[in-house]
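I have a structure here, written as structure tokens, and I will follow up with some questions on it.
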There are 2 protein chains.
Amino acid sequence: MANISFSRRLRRTPFSEGVEAAGVKAFTVYNRMLLPTVFDSVEADYRHLKKHVQVWDVSCERQVELRGPDAARLMQMLTPRDLRGMLPGQCYYVPIVDETGGMLNDPVAVKLSEDRWWISIADSDLLLWVKGIANGYRLDVLVDEPDVSPLAIQGPMADELMSRVFGERVKDIRFFKFDMFEFAGRDLAIARSGYSKQGGFEIYVEGSDIGMTLWNALFSAGEDLNVRAGCPNLIERIEAGLLSYGNDMTDDNTPHECGLGKFCNTHTAIGCIGRDALLRVAKEGPIQQIRPIEIAGPAVGACVAPWSVYAQGKRVGQITSAAWSPDFNTNVSIGMLKLSHWDAGTRVEVESPDGMREATVREKFWI
Amino acid sequence: MANISFSRRLRRTPFSEGVEAAGVKAFTVYNRMLLPTVFDSVEADYRHLKKHVQVWDVSCERQVELRGPDAARLMQMLTPRDLRGMLPGQCYYVPIVDETGGMLNDPVAVKLSEDRWWISIADSDLLLWVKGIANGYRLDVLVDEPDVSPLAIQGPMADELMSRVFGERVKDIRFFKFDMFEFAGRDLAIARSGYSKQGGFEIYVEGSDIGMTLWNALFSAGEDLNVRAGCPNLIERIEAGLLSYGNDMTDDNTPHECGLGKFCNTHTAIGCIGRDALLRVAKEGPIQQIRPIEIAGPAVGACVAPWSVYAQGKRVGQITSAAWSPDFNTNVSIGMLKLSHWDAGTRVEVESPDGMREATVREKFWI
């Protein structure tokens, strides 16, 4: 246990005041911004998330905005996912790759219009890559980080809470679609999305000044719903197989290694900078891949650096995220395993900080 | 006060084991890596730094390596500082700017040879900008992050400690020069540099595997010198006017606003991407600039978000770093002030979290 030293460099958010008043106990830093990690306890937060509704300050999902005649062209240069069929009002999960096919980020692309896009980023300064590419290729596009801070509403009672604040129409938003809603005289994009499998929404709060007004409106409206401040939950996101860039994958990995091959239409994604490299990967297939792995024994500690995975004394992979799951009464984990040992049912050994543990590769994530 | 939640994404360093054993109390996150901020207390660490010698884990000063025929050309594209006269063995502090002249980083460039450079970065993923530019301009250069982790030796007894481990020759290294030294069978670059004004060195530790061997060798050799684990010290760095990217400046600011005009040779820095914009800035001069500001009254708290600065009720700037200085018996701070109020001696008012404070613009930083 250690404290975090605050400074301007670890940016506060439009909702920090609310987060503090709600008794946040710990933070991580994500895109050089504070991201809460614990309010009550990771396990209590998990139980509450699965039963009620939470408001999450995920401002750290910064936006990279592309505006101008070349915006769509630039967006396609960044990803092997074919974006030609994407319509305004849609959100696509898009692997972003460099010229070797290495993952630079795994954001959600939000198509506002043909010539205006947001990329809602995971933890890397994707803005710098996009600006460099736009400059180098002399594209006719403006690239910057707008004053947009996502606020996620997650949990089974999310529809109920959101409809009280934004009206019944919010329930009509389909998964990974967004629509515009008025709040405090501002038009806000609201998507049915979020970093949990409990259902919910992400509000793209445009303009820091209305942050606390919205936060307070949500808490007032949801008092009888037992609404609480929450945050992405380590246990739930592992159960759900929601990957974390920087934890479960880095720029060493291709999308195919991350199980994101289904988001790659490399043959038709003409213009994608990593296309040549990924055509090769698509042809040969990856030799390691992310898998759900169940680790036997009592609760393991936090995975703060990769844990090696062995079979018959040989290293066959690594665990990158792990937690004890109360609902499944086992340790749930995410790891990257070699081709020879990634089949469901394969028995392996995990070198955890408190010793070797038996573990089993699963077919699917838990939820 | 809040805890920091560790995960693989907040990268550990080759020296983390030593840092923990030394009783680190708090961290910040810098380039997605753990950077210690407190061992004993910020004030006790400060007093020790000024009298003895400390070993700092500054692995978070990651390197961007440029290798290949176009390495020097690319390096010049990144900065308005004219690099033509720079020789292998030299380190240059270089503002890095985008096409509008906005600061993307303020690293130290290390010229290993004509076709091999390291950029020892401040807190932004400069790697992504450099890779984007190299790709967009089709340069013949490899850009990546090597396994190099700087370890700084700082304080008045640094020369003594370093010569015991690396030999007397280490004392011959001049300021912002480096030379190669053998340790554990490895050739390591050692520069006379560091993020304090107490004198010292930075060892570019190439290969994580020798990290703790070196750490332990330094502590064994320095026992009678009262060597301790330390870290960049908030009080000392403000007294010294050492700027912090992300705190004292962002991509909103030009080098000229940051007082770094002396590192800009914009007329002769042919090829610099932000050259057109900076020629305009150089001609007109900045309208705001970083200044040392003395804040009256008792010790102020941490500056976790900019504090507005006023004169006659009008906002004339902001404070971005502040601390109580025991040696100068006042609050020392760094701020950005408008042209109309940046002259030494100007009286202003600072909106600190505990109320308005009188403050005075200084001619120079404290040390």
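The values are calculated or read from the model by the stated rules, or taken from the named source; none is laboratory data. Bear in mind the structure is a predicted one, so any value in this text is a computation, not a measurement. Here the Cβ is made from the backbone with ideal geometry for all residues, glycine too, and neighbour counts use every protein chain on show. For accessibility, only protein heavy atoms count, side chains too; no ligands or nucleic acids. Shrake-Rupley method; radii C 1.70, N 1.55, O 1.52, S 1.80 Å.
For region B:93-144, enumerate the residues that are in contact with a Pro (Cβ under 9 Å, 6 or more places away or on another chain), away from chain A (no Cβ under 14 Å) and small (Gly, Ala, Ser).
B:Ser113, B:Ser120, listed by residue number.
Could you please let me know if B:Ala296 is at pLDDT 95 or above, surrounded by fewer than 17 Cβ atoms within 10 Å (Cβ to Cβ) and within 14 Å of chain A (Cβ to nearest Cβ)?
Considered against the rule, which asks whether it is at pLDDT 95 or above, surrounded by fewer than 17 Cβ atoms within 10 Å (Cβ to Cβ) and within 14 Å of chain A (Cβ to nearest Cβ), B:Ala296 comes out as no.
Which numbered condition trips up B:Val165, out of (1) away from chain A (no Cβ under 12 Å); (2) open to solvent by less than 10 Å² (accessible area, probe 1.4 Å); (3) not basic (Lys, Arg)?
Single failed check for B:Val165: (2).
Going residue by residue through region A:332-354, is there one that turns out to be modelled with pLDDT under 95 and of a type in the set (Asp, Glu)?
Yes, that holds for at least one residue.
Then there is this: Which ones in region B:339-367 are under 28 Å from the mean Cα position of the chain (by Cα), farther than 20 Å from B:Val304 by Cβ and open to solvent by 100 Å² or more (accessible area, probe 1.4 Å)?
If the condition is that a residue be under 28 Å from the mean Cα position of the chain (by Cα), farther than 20 Å from B:Val304 by Cβ and open to solvent by 100 Å² or more (accessible area, probe 1.4 Å), then B:Glu363, B:Lys364 are the ones that fit.
Hey, among the residues in region B:236-251 that are within 13 Å of chain A (Cβ to nearest Cβ) and of a type in the set (A, V, I, L, M, F, W, C), which one's nearest to A:Val29 (Cα to Cα)?
Of all residues in region B:236-251, those within 13 Å of chain A (Cβ to nearest Cβ) come to B:237-238, B:243-251.
When the remaining residues are screened for being of a type in the set (A, V, I, L, M, F, W, C), the result is B:238, B:243, B:249.
Values: B:Ile238: 24, B:Leu243: 21, B:Met249: 19 Å.
Going through the qualifying residues, I end up with B:Met249.
Now a separate question. For region B:92-110, give me each residue that is open to solvent by 10 Å² or more (accessible area, probe 1.4 Å) and not polar (S, T, N, Q).
B:Tyr92, B:Tyr93, B:Glu99, B:Asp106, B:Val108
Yes or no, residue by residue, for (1) modelled with pLDDT under 95; (2) in contact with a helix residue (DSSP H, G or I) (Cβ under 7 Å, 6 or more places away or on another chain); (3) not assigned by TED's automatic domain parsing to the domain that holds B:Ser124:
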position: B:Leu234; (1), (2), (3): no, yes, yes
position: B:Tyr245; (1), (2), (3): no, no, yes
position: B:Met249; (1), (2), (3): no, no, yes
position: B:Asn253; (1), (2), (3): no, no, yes
position: B:Cys258; (1), (2), (3): no, no, yes
position: B:Phe263; (1), (2), (3): no, no, yes
position: B:Thr266; (1), (2), (3): yes, yes, yes
position: B:Ile273; (1), (2), (3): no, yes, yes
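Determine which single condition A:Cys231 fails, assuming it passes every other condition in (1) in contact (Cβ under 8 Å) with a residue 60 or more places away in the chain; (2) away from chain B (no Cβ under 11 Å); (3) within 22 Å of the chain's Cα centre (by Cα).
With (1) in contact (Cβ under 8 Å) with a residue 60 or more places away in the chain; (2) away from chain B (no Cβ under 11 Å); (3) within 22 Å of the chain's Cα centre (by Cα) applied to A:Cys231, the lone miss is (2).
Given (1) open to solvent by 20 Å² or more (accessible area, probe 1.4 Å); (2) at the interface with chain B (Cβ under 9 Å from one of its Cβ atoms); (3) modelled with pLDDT of 95 or more, where does A:Leu10 come up short, assuming only one miss?
Here A:Leu10 clears every test but (1).
Another question about this same structure. Of the residues B:Ser59, B:Ser113, which single one is more than 19 Å from the chain's Cα centre (by Cα), among the polar types (S, T, N, Q) and farther than 14 Å from B:Phe263 by Cα?
B:Ser113
Working only within region A:138-159, note down all residues that are surrounded by fewer than 19 Cβ atoms within 10 Å (Cβ to Cβ) and either at pLDDT below 95 or closer than 20 Å to B:Cys272 by Cβ (or both).
A:Arg138
Could you pull out the residue among B:Leu49, B:Leu66 that is crowded, with 24+ Cβ neighbours inside 10 Å, in contact (Cβ under 8 Å) with a residue 24 or more places away in the chain, within 30 Å of B:Asp140 (Cβ to Cβ) and in contact with a strand residue (DSSP E or B) (Cβ under 7 Å, 6 or more places away or on another chain)? Steps first, answer last, please.
Details: B:Leu49 fails: within 30 Å of B:Asp140 (Cβ to Cβ).
Of B:Leu49, B:Leu66, the one residue that is crowded, with 24+ Cβ neighbours inside 10 Å, in contact (Cβ under 8 Å) with a residue 24 or more places away in the chain, within 30 Å of B:Asp140 (Cβ to Cβ) and in contact with a strand residue (DSSP E or B) (Cβ under 7 Å, 6 or more places away or on another chain) is B:Leu66.
Follow-up. Taking the condition of being more than 7 Å from chain A (Cβ to nearest Cβ) and either surrounded by fewer than 23 Cβ atoms within 10 Å (Cβ to Cβ) or among the small types (Gly, Ala, Ser) (or both), how many residues in region B:21-34 meet it? Quick ask: steps written out before the conclusion?
So in region B:21-34, the residues more than 7 Å from chain A (Cβ to nearest Cβ) come out as B:21-23, B:30-31, B:33-34.
Add one more test, that the residue is either surrounded by fewer than 23 Cβ atoms within 10 Å (Cβ to Cβ) or among the small types (Gly, Ala, Ser) (or both), and what stays is B:21-23, B:31, B:33.
Matching residues across region B:21-34 total 5.
Any residue that is more than 14 Å from chain B (Cβ to nearest Cβ) and more than 30 Å from A:Leu74 (Cβ to Cβ) - is there at least one of those in region A:252-266?
No: region A:252-266 contains no residue that is more than 14 Å from chain B (Cβ to nearest Cβ) and more than 30 Å from A:Leu74 (Cβ to Cβ).
Give the number of residues within region B:69-78 that are crowded, with 17+ Cβ neighbours inside 10 Å and either acidic (Asp, Glu) or assigned to a loop (DSSP other than H, G, I, E, B) (or both).
Residues meeting the conditions: 1.
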